[in-house]
Amino acid sequence: QIQVVESGGGLVQPGESLRLSCAASGIIFSTYTMSWYRQAPGKQRELVAVISNSGTTNYVDSVKGRFTISRDNAKNTAYLQMNSLKPEDTAVYYCKGTNWPRTYWGQGTQVTVSS
């Protein structure tokens, strides 16, 4: 059974950090491009960061310099380190694994940044 499970969300104050984890099972993780998306209330889901199977990374401009995506193929896990969090980072964060044409989504984890 294929599963993609996010964890690590929570409530933090502005300026604090969180690390999200995305654990995948049932797939050959090392062959998948892993991505983090987020969706704030009333807004469309947006791509935040992506890491290819070779380790190439890309970020949306709004998180560059604050967020870092990484992967540990031995643990079948991708991460999103989020530093200097802002209230506008508040959203449900989703992990996606892609090895075209196969795509698998997690259920999401809530991140709330508020004082």
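The values are calculated or read from the model by the stated rules, or taken from the named source; none is laboratory data. Being a predicted model, the structure only gives us computed values, none of them experimental. Positions of Cβ are generated from backbone atoms using ideal geometry, with glycine treated the same way; all protein chains shown enter the neighbour counts. In case anyone asks, the SASA skips ligands and DNA or RNA and just uses the protein heavy atoms, side chains included. Shrake-Rupley method; radii C 1.70, N 1.55, O 1.52, S 1.80 Å.
Could you list the square roots of 5 times each eigenvalue of the Cα gyration tensor of the chain, that is, the equivalent ellipsoid semi-axes, sorted largest first and rounded to whole Å?
Values: eigenvalues 107, 38, 32 Å².
Square roots of five times the eigenvalues give 23, 14, 13 Å.
For Cα pairs less than 8 Å apart in space and 6+ apart in sequence, what is the mean separation divided by the residue count of region 1-92, i.e. the relative contact order in percent?
Details: 168 pairs, mean separation 29.0, N = 92.
The normalised contact order for region 1-92 reaches 32 percent.
Determine the per residue accessible area of region 1-107 with all protein chains present and a 1.4 angstrom probe, expressed in square angstrom. Please list the in-between numbers first.
On the way: 5700 Å² over 107 residues.
For region 1-107, the solvent-accessible area averages 53 Å² per residue.
What residues of region 1-38 lie in the reach of a label at SER70, counting those whose backbone N is under 15 Å from a point 7 Å from the Cα along Cα→Cβ?
What the label zone holds, given the 15 Å backbone N cut-off, is 18-22.
Per residue of region 30-36, in order, report the coupling 6.51 cos²θ - 1.76 cosθ + 1.60 (Karplus, θ = phi - 60°) as ³J(HN,Hα) in whole Hz, putting x for Gly and Pro.
Here the 3J(HN,Hα) series is 5, 8, 9, 7, 10, 9, 10 Hz.
Can you give me the relative contact order of region 51-115 as a percent, contacts being Cα pairs under 8 Å and 6 or more apart? Write down the numbers at each step before the final one.
Working: 72 pairs, mean separation 15.1, N = 65.
The value is 23 percent.
What is the distance in Å between the Cα centroid of region 1-38 and that of region 86-104?
If you average the Cα positions of each part, the centres end up 8 Å apart.
Charges at C-beta only: +1 for Lys and Arg, -1 for Asp and Glu. How large is the resulting dipole of the chain about its Cα centre, in Debye rounded to 20? All intermediate terms of the calculation are to be shown ahead of the outcome.
Values: 11 positive and 7 negative charges, 34 e Å.
Approximately 160 debye in magnitude.
Between VAL5 and SER62, what is the label-point separation in nm under the 7 Å Cα-to-beta-carbon projection?
Label-label distance for SER62 and VAL5, simple model: 3.0 nm.
Suppose we keep just the DSSP beta bridges with both residues in the chain; what percent of those would be antiparallel, to 5? Kindly include the intermediate steps, with their values, before the conclusion.
On the way: 39 of 42 bridges.
Counting DSSP beta bridges with both partners in the chain, the antiparallel share is about 95 percent.
Within region 82-101, what residues put their amide N at less than 12 Å from the label point 7 Å along the Cα-to-Cβ vector of LEU47?
98
Can you give me the % of accessible surface on the chain that is carbon or sulfur? Probe 1.4 Å, all protein chains present, nothing else counted. Walk me through the numbers on the way to the answer.
Working: 2870 of 6060 Å².
Percent of accessible area from carbon and sulfur atoms in the chain: 47.
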